[in-house]
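Here the structure is laid out as structure tokens; the discussion comes afterwards.
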Amino acid sequence: MAELLFIATTIFVAYVVFVVMGGKKEKPETSKPEPAKPAIQTELAPPPPAAVKTTAKPAPAKAATPKPAAPKASKSAPAKKAAAPTPAAPVDSLKNPKTGEVAKVPASYAFAKRWIKDALVEEGLLDKVYKNNELDNAANAKIQAALQQLKGMSKYQ
């Protein structure tokens, strides 16, 4: 039974390779539509350059007038946007003062980097580094409060 399955699979793979590489019967069929394809491509090719040329010429003229006004507004807007992410960045990440590594503040203590766990203990925010099987609701609440205090320290920003 296994031999028959192997033979059938081999024949199927050979057929697929034959079709993909192109058989003798497919080449004449493929060559007949090929002249039609260049005709379609030739018809399609000229309109896009013409459309691009007509679109490209008016667009810079129209865009040139609004662009000077837009950058002035966008210069003040990015300044406000840049100010907002700066305070948000320290809240979302912590920096290891020893190595300079920056890591996101974990949503779960179990996924926190080792240096974050050690920093919580070094700063006296936690009594010990908890194991995953020691985590319960009370420990998680204590850990989240400690993480909030650690995020507030300038040493880790």
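FYI, it's all coordinate maths here, none of it is from the lab. For clarity, every value in this text was computed on a predicted model and none was experimentally measured. Ideal geometry is used to build each Cβ from the backbone, glycine not excepted, and the neighbour counts take in all protein chains shown.
Observations
- Our summary of shape: the Cα atoms of segment 88-156 have principal axis extents of 30, 22, 19 Å, ordered from largest down, in whole angstrom.
- Between A141 and K155, the distance separating the two model label sites (each 7 Å from Cα on the Cα→Cβ line) works out to 2.7 nm.
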